[in-house]
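The structure appears below as structure tokens.
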Amino acid sequence: MKGLRSRNGAANGYRKPARYSAFDLVRHGLTSAPWQRAWRSHDLRPTYDVVIIGGGVHGLATAYYLAANHGITNVAVLDKGYIGSGGSGRNTAIIRSNYLTPEGVRFYDRSVQLYTTLAADLNYNVMFSQRGHLTLAHNDGSLRTMRWRAEVNKLEGIDSEVIGPDEIKSLVPYMDTSSAARYPILGALYHPPGGIVRHDAVVWGYARAADAYGVHIHQNTEVTGIDVVSERVQGVQTSQGRIAARTVVNCTAGWSTLISDMAGVAMPVSTFPLQAAVTEPVRPFLRTVVVSGTLHVYVSQTDRGELVFGASVDPFTSYSMRGSLDFIEGLAGHVLELMPSLAKLRLLRQWSGLCDMTPDYSPIMGTTPVEGFYVDVGWGTYGFKAAPVAGETMAALIATQQVPQLIAAFDLARFADGRLVGEKGAASVGH
Ligand code: PYC
């Protein structure tokens, strides 16, 4: 796509995002001085070089890397709601690369690397905290999978190892590691680089940085159709009017099949809700992220002191994002199996996000049979942590027309060819 690469950010009016000092923060708190808007509103242009559908972290990251790495700035990001209102605002913000397949490990490791420098790259504090990640094993089968993952991780140069109950206890003193527990803990996969990030800061940081390069972010702009002529994309129909574009990228979660259907591209994806919840804040006592696949629960403590919990996906396909009492009851029971002393904690909120599950639990990234129509979908329960590397590689694919090695295995054609990349064994949650 050489024609798109002639501009660079500076030539296209790159607007340095405002930097605020501690003094500015106090002054703004005490006066009504207006903040500089982090991203601007624009009229819809009739034509963009690239239209990205979905204003979550994947869409915004793709726009940012198109501009920052490839000088492609005539880009629109469309969201039918507000940015970050889909899966990006409805996850548990766990970052890790302790996957099962070499393809998965390499891919998510690049994401961890990008998260490590993201605050500096975007000049926005995304609060990435590498506090370590534990995946507990309560039976021989899961211990075997943890050993398998540890070996694959080590071969790929990733810091992961299987540790025993005593080490687990020293990392998480409040956890019941005794043999008297209902599901005794036999060991765990310990992954020190894993951690958590502030999810909305990642959305806002990418949005602000992409806007600074001249990317247009259009909120409340729903895509209602995709124009395809002779198997080539021509543009999109939206609730705000038509846009002509030779490159359209589906970066949605939850609606990925509906959007791809508009281009006539069928996706092997089923959509399930995944619920999560957060408690009132308490004094910091839990540093490590803790996951138990057997008990279907994961828990971390944010820097504000809240405990963030999640469980398995709901056992039925649905686009509903409502929380349920059934989920909260099950979740509470499972959390207390691990940490009985949390019994008196009060839950503040619960939410649900949509997970697009593929048959092999790996994403679908790359070109499609419709020329100019790209997909970055099918993230299941792994989407948030992949956003930086997904944005970087999708941008490289669009700009260079070369498939980056990191995503070569995740193409749509693998389902027809039988080249699946089975990543279910790395899931934190039951499916
Ligand atoms: O893969 O780490 C994970 C995860 C946690 C919650 C959903 N997915």
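The values are calculated or read from the model by the stated rules, or taken from the named source; none is laboratory data. Model, not experiment: these values are computed from the prediction. All Cβ positions, even for glycine, are placed from backbone atoms using ideal geometry, and neighbour counts span all protein chains on display. The accessibility values were calculated without ligands, DNA or RNA, using every heavy atom of the protein model including side chains. Shrake-Rupley method; radii C 1.70, N 1.55, O 1.52, S 1.80 Å.
Annotations
- Residues of region 402-419 classified as part of a loop (DSSP other than H, G, I, E, B) and touching a strand residue (DSSP E or B) at 6+ places or on another chain (Cβ under 8 Å), total: 3
- Residue selected from region 29-45 under the condition small (G, A, S) and in contact with a helix residue (DSSP H, G or I) (Cβ under 7 Å, 6 or more places away or on another chain), by the criterion surrounded by the most Cβ atoms within 10 Å (Cβ to Cβ): A38
- Every pair of residues 6+ apart whose Cβ atoms lie under 7 Å, when the first sits in region 106-118 and is open to solvent by less than 10 Å² (accessible area, probe 1.4 Å) while the second is acidic (D, E) and assigned to a helix (DSSP H, G or I): none
- Scanning region 87-99 for residues that are open to solvent by 20 Å² or more (accessible area, probe 1.4 Å), more than 10 Å from the ligand (Cβ to nearest atom) and touching a Gly at 6+ places or on another chain (Cβ under 7 Å) yields a total of 2.
- E103 vs. criteria under 25 Å from G254 (Cβ atoms), surrounded by fewer than 23 Cβ atoms within 10 Å (Cβ to Cβ) and modelled with pLDDT of 95 or more: yes
- Here G380 clears all of (1) modelled with pLDDT of 95 or more; (2) part of a helix (DSSP H, G or I) except the condition numbered (2).
- Hits in region 381-402 (condition: buried (at least 24 other Cβ atoms within 10 Å of the Cβ) and of a type in the set (S, T, N, Q)): T381, T393
- Meets criteria (among the β-branched types (V, I, T), over 25 Å from G71 (Cα atoms) and touching a residue at least 60 places away in the same chain (Cβ under 8 Å)) for T381: yes
- In region 291-305, the residues that are touching a residue at least 24 places away in the same chain (Cβ under 8 Å), open to solvent by less than 20 Å² (accessible area, probe 1.4 Å) and not small (G, A, S): V291, L295, V297, Y298, V299
- Within region 323-359, the set of residues being in contact with a Pro (Cβ under 9 Å, 6 or more places away or on another chain), within 30 Å of A413 (Cα to Cα) and of a type in the set (A, V, I, L, M, F, W, C) comprises L354, C355.
- Just one of the listed residues (G425, G378, G430, G353) is within 16 Å of the ligand (Cβ to nearest atom), within 15 Å of G104 (Cα to Cα) and open to solvent by less than 20 Å² (accessible area, probe 1.4 Å), namely G378.
- Test: residue in region 134-157 that is in contact with a His (Cβ under 6 Å, 6 or more places away or on another chain), open to solvent by less than 20 Å² (accessible area, probe 1.4 Å) and either in a helix (DSSP H, G or I) or small (G, A, S) (or both): no
- Only residues that are over 9 Å from R198 (Cβ atoms) and surrounded by fewer than 16 Cβ atoms within 10 Å (Cβ to Cβ) were counted in region 119-128, giving 2.
- All strands (runs of 3 or more DSSP E) inside region 163-241 with 3 or more residues being in contact with a strand residue (DSSP E or B) (Cβ under 7 Å, 6 or more places away or on another chain) and closer than 28 Å to A343 by Cβ: 187-191
- F272, sole failed condition from (1) more than 16 Å from the ligand (Cβ to nearest atom); (2) out of contact with any Lys or Arg (no Cβ under 9 Å at 6 or more places or on another chain); (3) over 30 Å from P192 (Cβ atoms): (1)
- Between G214, G195, the distinction of being closer than 27 Å to V282 by Cβ, in contact (Cβ under 8 Å) with a residue 12 or more places away in the chain and in contact with a Ser or Thr (Cβ under 8 Å, 6 or more places away or on another chain) belongs to G195 only.
- Single residue of region 306-333 satisfying the filter (acidic (D, E) and in contact with a Leu (Cβ under 9 Å, 6 or more places away or on another chain)) that is surrounded by the fewest Cβ atoms within 10 Å (Cβ to Cβ): D314
- The residues of region 292-325 that are closer than 13 Å to A93 by Cα and within 15 Å of the ligand (Cβ to nearest atom), listed by number, are Y298, V299, S300, Q301, T302, L307, V308, F309, G310.
- When the criteria are applied in full, I72 fails the requirement of being assigned to a loop (DSSP other than H, G, I, E, B), within 16 Å of the ligand (Cβ to nearest atom) and open to solvent by less than 50 Å² (accessible area, probe 1.4 Å).
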